[in-house]
1. Hey, can you tell me all the residues within segment 143-155 that are part of a loop (DSSP other than H, G, I, E, B), farther than 26 Å from Phe105 by Cβ and not acidic (Asp, Glu)?
2. Give me the pairs, please: first residue somewhere in segment 216-235 and β-branched (Val, Ile, Thr), second residue anywhere and assigned to a loop (DSSP other than H, G, I, E, B) and open to solvent by 100 Å² or more (accessible area, probe 1.4 Å), beta-carbon distance under 7 Å, and either six or more positions apart or on two chains.
3. Starting from residues that are open to solvent by 50 Å² or more (accessible area, probe 1.4 Å) and closer than 26 Å to Arg331 by Cβ, keep the ones in segment 245-256 and report whichever is nearest to the chain's Cα centre (by Cα).
4. Within segment 398-462, considering only strands (runs of 3 or more DSSP E) that don't extend past its boundaries, which have at least 3 residues that are touching a residue at least 24 places away in the same chain (Cβ under 8 Å) and either open to solvent by 10 Å² or more (accessible area, probe 1.4 Å) or over 18 Å from Leu531 (Cα atoms) (or both)?
5. Looking at Asn520, Asn500, which is the one that is open to solvent by 10 Å² or more (accessible area, probe 1.4 Å), at pLDDT 95 or above and over 17 Å from Gly411 (Cβ atoms)?
6. Across segment 112-142, what is the total count of residues that are in a loop (DSSP other than H, G, I, E, B), more than 16 Å from Ala232 (Cβ to Cβ) and open to solvent by less than 30 Å² (accessible area, probe 1.4 Å)?
7. Restricting to segment 79-107, count the residues that are over 28 Å from Leu379 (Cβ atoms) and not in a strand (DSSP E or B).
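The values are calculated or read from the model by the stated rules, or taken from the named source; none is laboratory data. What you see is a predicted model, and the numbers here were worked out from it, not measured in a lab. Cβ coordinates were reconstructed from backbone atoms using ideal geometry, including for glycine residues, and neighbour counts include every protein chain displayed. Just so you know, the surface numbers come from the protein's heavy atoms only, side chains and all, with ligands and any DNA or RNA stripped out. Shrake-Rupley method; radii C 1.70, N 1.55, O 1.52, S 1.80 Å.
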Amino acid sequence: MKKILTVLLVLVLIVLCILGFFAFESKKDSKTNQETISQTDLFDVSGDDIAIIYDFSLQSSKGLFKNDRAYLPLSWIRDYINDRYYWDESIQSIIYTLPDDIEYFRLPDEAPDNPRYFLQNGEVYLSLDFVLSRSCIYCSQFLEEQAKRLYINDTRDAYETAEISKKTSLRTGESVMQRVVTELNEGDPVRIIKDGDNGWSRILTDSGLPGYVEGKYLENRTSTEPVIAYSAPVYSHLLMDEEIIMVWHQLENQISNKNVSYLLEKTDGINVISPTWFSVEDNDGNISSIASHDYVEYVHGKGIKVWALADNFKPYVNSTELLSSHNSRERLIDQLVSHALEYDIDGINIDFENLEEKCGDHFVEFIRELSVSCRREGLVLSVDNPNMQSFNAFYGRHAQAESADYVINMGYDEHFSGGAAGSVASLPFEDEGLLNCLTQVPANQLISGIPFYTRIWTIDGAKVSSKAVGIETAREWITDNDVTVNWDEALGQNYGQAGNKHLWMEDEESLKAKVSLGRNCNVAGFAAWRLGMEAPDIWNIFKKQ
């Protein structure tokens, strides 16, 4: 009887252990999410849409699968990959500008069954092969999967690979409660995107599935170098081997060219002069010119280079209409370069102001195309820009620096006619502009623009007006009105007041501070607006001690 009871007790204990084990496993499974996410949900695509994963971040823009090829939207390519692709609506063509050549890709020239690009619903799409051939990226393609996808990266940094050490689940997040992407088996190769601080790692499988796995399941980690066959085009630049001291010379007509000798006699140290000779006359790209052979001959005799200025100041010129037209850009470039060669000019200075944001891409393309002609003819190309701030970033200074020789930051008009009273160019304003530019422009291509003028402000209640004057005129006003000026350390300027009139003075002291600021930034030099508004002693600010 005792034996029977003992056997029964053992059997009961065994049953209880088995029940306990299954109860434990059931409880454990209840804390683990077994739901699987579909590829279409994971990548938010279906059909012939292609998910774009850039730098392992899923993009809102989608590619298209057409003619057994992958295509990417041009707008996305320009924002993230390569902004040298330019769609010219006026000639229905993709334009790609290189250092010494301009390539045109027109739809009529393309094979209909294998096009480099196509238009759909107002968007231009470029073939992935076309992009890869001209861009510093590498791409992993998964175009036969349920959800078509591309992984695009542009870094040359090494990355880690590993193997899965034990069967486990790849999940959508850093928890076993996150949904399952796929099951991973022992020995599966993966790429490590990032190791987390909580023991989970973000990885990518060989089949192009992203997700998270516990780091303990990763073994045999190896560093791998990416392979990018593309070689970027090399841009040459015509740079001076001395600090640039440049002045703009404002001219109204041919007769005023004769004043150059009188004005230069009062200067000291100038090595570049930019006469305002060329103006765009219409939206077709025609220009007017008041260039002078005698002027160039005289200035060259002084050892000074001539960078003739071209402006867009005529009120009936619409810069967006002008620069968005291929024929207008081409005509404008041909005329500028022809005049430069005719008058033995050393360079062209582009001063296109008050551009609309929608003109930005067209302006950059104009500079790129102009740079090709200037490079061929040995002409220095410089571009004037408003003091760089976030709202005028569309001027594309990074692209200017790549194509042109010099980028000029006009660090003035902080306060301007028609606006609130204040400094024309405080030191913090100048400093902000230069530092912003240096994030996009190499220091040896950046010229700091400084003012030889100031404004005498009149504040009459809510009415504010001003008059721009040169340095000597401002000094006379101070003397005539017995004004005491005091140095404002925060602004880097002397300030004076006479009744309801106010003056934030540009003088030797303030300009010396601006020059010191530029030299501390190692800029290529300085450009002053304008010749004739300075005082004779002002040239001392450029002399190095």
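1. Taking segment 143-155 first, the residues part of a loop (DSSP other than H, G, I, E, B) are 143-148, 154-155.
Then drop every residue that is not farther than 26 Å from Phe105 by Cβ, which leaves 144-147, 155.
Answer for segment 143-155, where residues must be part of a loop (DSSP other than H, G, I, E, B), farther than 26 Å from Phe105 by Cβ and not acidic (Asp, Glu): Gln146, Ala147, Thr155.
2. What qualifies is Ile228/Arg156.
3. First, the residues of segment 245-256 that are open to solvent by 50 Å² or more (accessible area, probe 1.4 Å): 250, 252-255.
Remaining after also requiring closer than 26 Å to Arg331 by Cβ: 250, 252-254.
Details: Gln250: 30, Glu252: 35, Asn253: 37, Gln254: 39 Å.
So the residue we want is Gln250.
4. Details: elements: 406-410, 446-451, 453-460.
The qualifying strands (runs of 3 or more DSSP E) are 406-410, 453-460.
5. Details: Asn520 fails: over 17 Å from Gly411 (Cβ atoms).
Just one listed residue meets the conditions, Asn500.
6. Adding up the residues that qualify gives 1.
7. Count: 6.
To keep it simple, each residue is scored yes or no on (1) at pLDDT 95 or above; (2) of a type in the set (Val, Ile, Thr).
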site: Val383; (1), (2): yes, yes
site: Phe391; (1), (2): yes, no
site: Ala404; (1), (2): yes, no
site: Gly418; (1), (2): no, no
site: Gly422; (1), (2): yes, no
site: Leu434; (1), (2): yes, no
site: Ser465; (1), (2): yes, no
